Amino acid sequence: MEYREIVAVTGLSGLYQLLTTKSDGAIVRNVADKSTRFISARQHNVTPLESIEVYTTGENVRLQHVFQMMTEHEATITPIDAKTADNAAIKSYFKSIFPEFDEERVYVSDMKKMLKWYELLKANDLLRFEEVAEEGDETTEAETVEASAPVAGDADTAAANNK
């Protein structure tokens, strides 16, 4: 399993590996418990993690860049537990690892989701972005534009923007 295969599914918590798509939905495998299920395209939107961008005060950045910053700062700033930390602590953590966050457009709920996803990816050894960067260099600009998802703090926001 690779980072580029990981998707977020609206209405479902956690992360999933996209196994195959069908005309009426997709078959996905839960990253945490490895269970496989069919998700209907009528009820759920599927968003690849590599296409999610995070609002900043300058140019928006890919979610993988935020995860890389979390990894780089892990030795000096321990990631906090999204379940037990209060909103102020979560905001403070993100300001310390990534000061360019746009505080008005990236909500605490988005930050909590990023923390949960980071822990899940780390536990499953999916925080290897060198491969993603190398493959990304081979795509053309037209392919990049077609593959980009709407700019959003999370997959739920991206789904809302598509409606």
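Remarks
- Across the stretch 87-116, the number of residues qualifying as touching a residue at least 24 places away in the same chain (Cβ under 8 Å) and outside any helix (DSSP H, G or I) comes to 7.
- Failed criterion for VAL7 (all others in (1) closer than 24 Å to ALA123 by Cβ; (2) modelled with pLDDT of 90 or more; (3) open to solvent by 80 Å² or more (accessible area, probe 1.4 Å) hold): (3)
Residue-by-condition table, conditions (1) at pLDDT below 90; (2) crowded, with 17+ Cβ neighbours inside 10 Å; (3) out of contact with any helix residue (DSSP H, G or I) (no Cβ under 6 Å at 6 or more places or on another chain):
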{"residue": "VAL28", "(1), (2), (3)": "no, yes, yes"}
{"residue": "GLU53", "(1), (2), (3)": "no, yes, yes"}
{"residue": "ARG62", "(1), (2), (3)": "no, yes, yes"}
{"residue": "PHE98", "(1), (2), (3)": "yes, yes, no"}
{"residue": "TYR107", "(1), (2), (3)": "no, no, yes"}
{"residue": "TYR118", "(1), (2), (3)": "no, yes, no"}
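- Neighbours by Cβ (under 9 Å, 6+ apart or cross-chain): first from the stretch 61-80, closer than 15 Å to PRO99 by Cα and in a helix (DSSP H, G or I); second polar (S, T, N, Q) and open to solvent by less than 50 Å² (accessible area, probe 1.4 Å): LEU63/SER51
- Of the residues in the stretch 139-151, none is modelled with pLDDT of 90 or more, surrounded by 11 or more Cβ atoms within 10 Å (Cβ to Cβ) and under 20 Å from THR57 (Cα atoms).
- Filtered residues of the stretch 30-42 (kept if of a type in the set (A, V, I, L, M), surrounded by fewer than 18 Cβ atoms within 10 Å (Cβ to Cβ) and closer than 26 Å to HIS65 by Cβ): ALA32
The values are calculated or read from the model by the stated rules, or taken from the named source; none is laboratory data. Owing to the predicted nature of the structure, the values given are computational and were not obtained by experimental measurement. So basically every Cβ, Gly included, is an ideal-geometry build from the backbone, and we count neighbours across all protein chains shown. Only protein heavy atoms, including side chains, enter the accessible area calculation; ligands, DNA and RNA are left aside. Shrake-Rupley method; radii C 1.70, N 1.55, O 1.52, S 1.80 Å.
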